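Input: a single structure, listed below in structure tokens.
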Amino acid sequence: MIRDDKMMKLVAPHKEPITPFVRKVRALYQERGISSIIVVGASGDFFDVADIAIMMDGYRCEDVTEQAKRIAEEFPSSCTGQQFGAIRPRFPVGRLFELRGKTKVMSTSTFKYGDDEVDLSGLEQIVCIAQTNAIILAIQKFASFGGTHTLPESIVQLDAFLDHEGMDGLSPGHYHGGLARPRQLEIAGAINRFRIEGCISQADPSTESR
């Protein structure tokens with residue numbers, strides 16, 4: 001989240017691979033239109049970049065923006081803003097999502113996919129096992145889409161398939177009465193939670209030498 005001035009004196013920015021979030025948070029809003037709500041208790045450097053500062057005092061929220069800005073002016077930090085930079089597209093390696101073994105739904109938020117256990121507890125809008133069942137089948141179908149398409153493109157392609165074929169298209173030849181359609185977000189979230197090494201690449205496979 002942050003590197004203080006003393007640490008930056010010792011370890012130069014060009015030698016540190018991690019950019020503190022405080023240096024990017026303004027650009028995240030100005031360039032990408034994404035706001036941030038950050039809970040901090042030990043770093044005042046965010047005073048320099050915050051639009052609003054709220055302090056909890058006796059279980060009550062107090063607007064301390066003016067005080068925070070005065071402190072920032074009195075004790076300026078070196079956390080000057082940076083451009084957010086380009087977002088590199090990620091390319092799923094479809095063959096690595098091919099099912100090797102069996103699947104098992106252990107709960108609404110947990111399933112096994114071959115040897116991998118996938119935790120969906122962070123996807124709070126999955127509310128029934130029928131959605132989890134559909135996500136497992138969608139990932140099996142997704143294996144044929146990944147490769148030369150980015151993750152968003154692959155998810156859109158999979159969603160278009162569901163529009164055309166319906167949920168039965170996920171289990172051709174079999175009627176599965178226990179499926180509920182997840183959103184693109186849930187399918188992408190499940191794919192992001194796989195621990196398969198190299199399953200998501202930042203290099204376009206179409207540009208790599210074979």
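No lab work stands behind these numbers, since they all come straight from the coordinates. What you see is a predicted model, and the numbers here were worked out from it, not measured in a lab. Here Cβ is always computed from backbone atoms with ideal geometry, including for glycine, and neighbour counts include all displayed protein chains.
Against the main long axis of the alpha-carbon atoms of the chain, helix 65-74 sits at an angle near 60°.
With a simple spin-label model that places each label point 7 Å from the Cα along the Cα-to-Cβ direction, the separation between Asp115 and Arg183 comes to 3.5 nm.
By the Cα gyration tensor, the range 5-74 has an equivalent ellipsoid whose semi-axes, rounded to whole angstrom, run 25, 16, 11 from largest to smallest. Placing a pseudo-label 7 Å from each Cα along the Cα-to-Cβ vector at Lys69 and Arg95 gives an inter-label distance of 5.8 nm. Each part reduced to its alpha carbon centroid, the range 41-100 and the range 102-171 end up 32 Å apart. Taking the range 92-117 and a reference point 7 angstrom along Cα→Cβ of Thr148, the backbone N atoms nearer than 19 Å belong to 92-97.
Direction-averaged projected area, Cα convex hull, the range 91-207: 7.0 nm², rounded to one decimal. Extension gain, Ser36-Thr19: 0.36 nm per intervening residue step, less the Cα-Cα distance, totals 4.5 nm.
Applying 0.36 nm per residue to the separation of Glu62 and Asp168 and subtracting their alpha-carbon distance, the gain on full extension is 32.8 nm. Listed by chain and number, the lysines whose alpha-carbon sits under 25 Å from that of Lys6, ignoring those within fewer than 8 places in the same chain, are Lys15, Lys24, Lys69. Using the Cβ-Cβ distance between Tyr29 and Lys102 with R0 set to 35 Å, the FRET efficiency works out to roughly 0.20.
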